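S.K.: Input: one structure, supplied below.
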Amino acid sequence: MAGAAAQQVSFGGLADRLRPYTPLFLLVFLIAGVNAAEPGFATLTTLSVVLSDASILFILAAGLTFVIMLGGIDLSVQAAASFASMIVAELLPRVDYAAFPATVLVGLAFGLASGFVHVKLRIPSFIATLAAAGVMTGLSLLMEDGRTVSLLDQGREESAWIAGAWLFGVPNVIVIAALVGAGGMLAQRYTRFGRYSAAIGAGEPAAIAAGIPVDRYKILAFGVSGAFAALAGVVLAARLSSGSPDLASQLLLPAIAAVIVGGTAITGGVGSIGRTVVGALIVSIVRIGMTFVGVDIFAQQIVFGAALIFAVFVTIDRSKIGVLK
Amino acid sequence: MLELDKISKSFGAVRALRDVSLEVRPHEVVGLIGENGAGKSTLMRILSGSMRPDAGAILIDGRQVVLRDPKRANEYGIAMVFQEQSLLLNMSVAENIFLAQEKPFMRLGAIDRRRMIEAARACLAKVGLDVDPAMKAGELDFAARQMVELAKALALEDRTDAPLTILFDEPTSILEAKDVAMLFERMRALKSRASFIFVSHRLEEVLEISDRVYVMKDGEVVAERLAAGVSAPDLHAMMVGREVKGEYYREARQSPPRADVVLEARGLSVAGAFRDVSFALRRGEVLGVAGVIGSGREELTRTLFGFLPQTSGTLLIDGRETVLKTPTQAVAAGIGYIPRERRIEGLVTDISIAANVTLARLDLAMRHGFIDHKREKSIAEYWINRLRIKTPSAAQLCRNLSGGNQQKVVLARWMAARSHILILDHPTRGLDVGAKEEVYDLIRDLSAAGAAIVLTSDTLEETIGLCHTILVMRDGAVTARFDAPARAKPKQVALLEHMV
């Protein structure tokens, strides 16, 4: 991959050369900017808060990255995460630690199901995942009549470790996100799934003609997205000590933004997990940094929207995209 | 008169055009030829207003003009008929002809459909096409669509005082022989109304229709000749800067096939496409399938690679009965496919050469279930050397390669996968002469190494030159079968008889 990037250099101009790194520059610029306005920002304590926030966003967006790279979209990640928070809250008293893998498997299953609907029934992923989100939200609401389930009740203390810290005071959320990130990057570089995702996103007809079982890998990508969304839901539930049908409902746009701001093209083909790491950090810094420097909570949405457009404007080479839809 | 004066254009470090000067006189057909990368397409883009030159001037009747965008080019009387056809298939013929030119038909803010259709009918009459202008463009065949494009270009007549120049980019590449003849007849008739620039790879056709021919090479005009005074081989020599070798199709290297049959069809049929096709393809044999559009040969090649499963009949691969339902199955059975749409189906252009080479058999580059990048690189480098793919490295994106080198990457993929059956679907389409010859050499290499090959081609000459055996198809059925051993090749007319 590094070689490919280096080779591109000889053909593109300076803008092409720098484009993949613009999110990184933006990140450094943002940290420096917020810190200049409010010098207390770049301390370990605040950075730890930012990283924890970014971690959840990243876990939520990690699987979504593959879906977007393949040219699709998953609008059900926030619903899957909320659903997962309910499931893990229900399962913990019954099956202890097995609740964690079980919840992630439920996320995987729902993801595979919406992938199947999208690919085999040929329904746009936009619609298939929107419908899946509706189903999962409905199930979450039905479980406890729309109520929140506290994790502080008896038998649910198994989740406490997630919210804690393990070594040198690094919150475990960050450790989990780091593992997800490392796993995702390795998967991208060293597995069939990673290679085929890139190939299918960049040229589906050619991937089909090379004999790649394209349908299978597309469905798998939605499964991965569902599984990571469920994992994010578990982590979020542990941090907030409760499961709730709308626990993650505010996180869909930030998650998509994290993928896009990081430099993965919404049109598919170009992208990576590494970029989503940077994207999640940018989104978190914008969100927390604004509170830090005292931007009105209502005005934050305006800044956020503007930042999103700016980031996409500078990071994606739109000249290669003929028609924007 | 349209004149180009010392037009230059660079893309980064690459000079696509260098001081190109040419003129198009009234009522003239100007042929423009050159190998891929000679600069023809860039020149056409500049003329049609979709690209601006870095230097040089464009003059119309002696007055300098700036072709800022396609609309401006239209106003100056220049219209382009696109190779890939630019009609919107979900809109009517009339709507297509007057697309973005609806103003004259507006009445009280709405389009007067009836008047537009009448005007379209008049345009269609100019090109002699008798179809209902209210018909959807998608319902027409390719030849008719091209005529509609021509009518659209001619509709400019009513909107500009400038002399009309119509740019034709490879108009005949997708047309059948009879449609080409019809197109030429119309062009000759229309010379009283317009001038033409005719870009094509087919030198005979260029000579047939053109009054004068410009030859481009490496971004420059290297020759200008009256068509009456040159022959196709002359033009060819100017284009490539060397003589065509006598042994164009490498006939001397055609070795007899082995005895063992690897791919056999018995009464193979796909409802609505072709029926009752039988053949037995041996190792080392090149089987050509000849036929016009609609003969079923395109569908047959798609069936042999699992895109279009047979509805009846039997397919045997290495003696085992099979129904190929997906390309994945075909690849697993040892079949490789070189599609005609190189940049769409052939390659993923935005990933590396190495990744494209291993795309069909990634397992060859894997160790313990993971991709071994060193191994992948060495596989790719082996094929880059063996097929002489011109690239600085295996990590290069395929988008940056020339057409010929891209085709070699596709071939490398199937050679690396050790596919013993290869379906070559117009393997030399859009390649320049030098690249074609390299592909011919590779086909001979593969055949000598024992690969069984099914080939379809744009020209009969190529099919006859390359193949051991030729099936001729018409209306979905095999109408003849020819043996084509080296030095005893059948004549084109003999095949044609069974094609039409």
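The values are calculated or read from the model by the stated rules, or taken from the named source; none is laboratory data. These numbers were taken from a predicted model, which means no experiment stands behind them. Every residue, glycine as well, gets a Cβ built from its backbone with ideal geometry; the counts of neighbours run over all protein chains shown.
S.K.: Assuming B:Ala360 fulfils every condition listed in (1) within 12 Å of B:Met415 (Cα to Cα); (2) at the interface with chain A (Cβ under 7 Å from one of its Cβ atoms); (3) assigned to a helix (DSSP H, G or I) apart from one, which condition is it?
M.R.: Going through the list (1) within 12 Å of B:Met415 (Cα to Cα); (2) at the interface with chain A (Cβ under 7 Å from one of its Cβ atoms); (3) assigned to a helix (DSSP H, G or I), B:Ala360 breaks only (3).
S.K.: For region A:272-282, does any single residue satisfy the condition of being surrounded by fewer than 18 Cβ atoms within 10 Å (Cβ to Cβ) and outside any helix (DSSP H, G or I)?
M.R.: No: zero hits.
S.K.: Can you tell me which residue among A:Leu179, A:Leu236 is more than 14 Å from every other protein chain (Cβ to nearest Cβ) and touching a residue at least 12 places away in the same chain (Cβ under 8 Å)?
M.R.: Answer to the selection: A:Leu236.
S.K.: Something else: Using the structure shown, decide if B:Arg367 is within 11 Å of chain A (Cβ to nearest Cβ) and farther than 22 Å from A:Ile200 by Cβ.
M.R.: Yes.
S.K.: Looking for something under 18 Å from B:Glu28 (Cα atoms), buried (at least 18 other Cβ atoms within 10 Å of the Cβ) and of a type in the set (Ser, Thr, Tyr) - is there at least one such residue anywhere in region B:169-187?
M.R.: No, that holds for no residue.
S.K.: Follow-up. Does B:Val286 fit the bill of being β-branched (Val, Ile, Thr), in the same structural domain as B:Ile443 (by TED's automatic domain parsing) and in contact with a helix residue (DSSP H, G or I) (Cβ under 6 Å, 6 or more places away or on another chain)?
M.R.: Yes, satisfied.
S.K.: Conditions: (1) out of contact with any Gly (no Cβ under 6 Å at 6 or more places or on another chain); (2) surrounded by 17 or more Cβ atoms within 10 Å (Cβ to Cβ); (3) farther than 27 Å from B:Pro233 by Cβ. B:Val30 meets all but one. Number of the miss?
M.R.: Evaluating B:Val30 over (1) out of contact with any Gly (no Cβ under 6 Å at 6 or more places or on another chain); (2) surrounded by 17 or more Cβ atoms within 10 Å (Cβ to Cβ); (3) farther than 27 Å from B:Pro233 by Cβ leaves (3) as the failure.
S.K.: Here's something else I'd like to know. For A:Ile266, indicate whether it is under 28 Å from A:Val104 (Cβ atoms), at pLDDT below 85 and β-branched (Val, Ile, Thr).
M.R.: yes
S.K.: Could you please let me know if B:Ala494 is in the same structural domain as B:Ser419 (by TED's automatic domain parsing), surrounded by fewer than 18 Cβ atoms within 10 Å (Cβ to Cβ), of a type in the set (A, V, I, L, M) and modelled with pLDDT under 90?
M.R.: Values: in the same structural domain as B:Ser419 (by TED's automatic domain parsing): yes; surrounded by fewer than 18 Cβ atoms within 10 Å (Cβ to Cβ): yes; of a type in the set (A, V, I, L, M): yes; modelled with pLDDT under 90: yes.
Yes, satisfied.
S.K.: Next question, about the same structure. Return the residues of region A:291-307 that are under 18 Å from A:Thr46 (Cβ atoms), free of Cβ contacts under 8 Å to residues at least 40 places away in the same chain and assigned to a helix (DSSP H, G or I); say none if nothing qualifies.
M.R.: Selection gives A:Thr291, A:Gln300.
S.K.: Being buried (at least 18 other Cβ atoms within 10 Å of the Cβ), facing another protein chain (nearest Cβ under 9 Å) and outside any loop (DSSP other than H, G, I, E, B) is the filter here; which residues of region B:378-402 pass it?
M.R.: Within region B:378-402, B:Leu397 is the sole residue that qualifies.
S.K.: Would you list the strands (runs of 3 or more DSSP E) that sit entirely within region B:434-484 and hold 1 or more residues that are under 25 Å from B:Val292 (Cβ atoms) and of a type in the set (D, E, K, R)?
M.R.: B:469-474, B:477-483
S.K.: Within region B:287-321, can you find the residues that are crowded, with 19+ Cβ neighbours inside 10 Å and β-branched (Val, Ile, Thr)?
M.R.: Hits for region B:287-321 are B:Val289, B:Thr301, B:Thr303, B:Ile317.
S.K.: I'd like the residue in region B:331-346 that is buried (at least 22 other Cβ atoms within 10 Å of the Cβ) and more than 7 Å from chain A (Cβ to nearest Cβ) and, out of all such residues, is farthest from B:Ala395 (Cα to Cα).
M.R.: B:Ile335
S.K.: Scan A:Arg192, A:Arg216 and give me the residue that is touching a helix residue (DSSP H, G or I) at 6+ places or on another chain (Cβ under 7 Å), within 14 Å of chain B (Cβ to nearest Cβ) and either under 29 Å from B:Ile338 (Cα atoms) or among the polar types (S, T, N, Q) (or both). Full working, then the answer.
M.R.: Working: A:Arg216 fails: touching a helix residue (DSSP H, G or I) at 6+ places or on another chain (Cβ under 7 Å).
The unique qualifying residue is A:Arg192.
S.K.: Another question, if that's okay. Filter region B:39-69 down to residues that are under 16 Å from B:Leu2 (Cβ atoms) and free of Cβ contacts under 8 Å to residues at least 24 places away in the same chain and give me whichever is surrounded by the most Cβ atoms within 10 Å (Cβ to Cβ).
M.R.: The qualifying residue surrounded by the most Cβ atoms within 10 Å (Cβ to Cβ) is B:Leu67.
S.K.: Next up: With the structure loaded, tell me whether B:Thr328 is of a type in the set (Val, Ile, Thr), in contact (Cβ under 8 Å) with a residue 12 or more places away in the chain, surrounded by fewer than 20 Cβ atoms within 10 Å (Cβ to Cβ) and within 11 Å of chain A (Cβ to nearest Cβ) or whether it fails that test.
M.R.: The answer is yes for B:Thr328.
S.K.: Further, regarding this structure: Report yes if B:Glu118 is closer than 25 Å to B:Gly138 by Cα, acidic (Asp, Glu), modelled with pLDDT under 90 and in the same structural domain as B:Asp158 (by TED's automatic domain parsing), otherwise no.
M.R.: In short, no.
S.K.: With respect to the numbered conditions (1) at pLDDT 95 or above; (2) within 9 Å of another protein chain (Cβ to nearest Cβ), which one is the sole condition not fulfilled by B:Thr349?
M.R.: Looking at each condition in turn, B:Thr349 falls short on (1).
The rows are residues; the columns are (1) in a strand (DSSP E or B); (2) out of contact with any Asp or Glu (no Cβ under 7 Å at 6 or more places or on another chain).
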position	(1), (2)
B:Ser21	yes, no
B:Pro26	no, yes
B:Leu43	no, yes
B:Ile46	no, yes
B:Arg52	no, yes
B:Gly56	yes, no
B:Lys71	no, yes
B:Asn74	no, yes
B:Ala79	yes, yes
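S.K.: Going through B:Val410, B:Val433 one at a time, which residue ends up being in contact with a helix residue (DSSP H, G or I) (Cβ under 9 Å, 6 or more places away or on another chain) and modelled with pLDDT of 95 or more? Steps first, please.
M.R.: Numbers: B:Val433 fails: modelled with pLDDT of 95 or more.
After applying the criteria, what remains is B:Val410.
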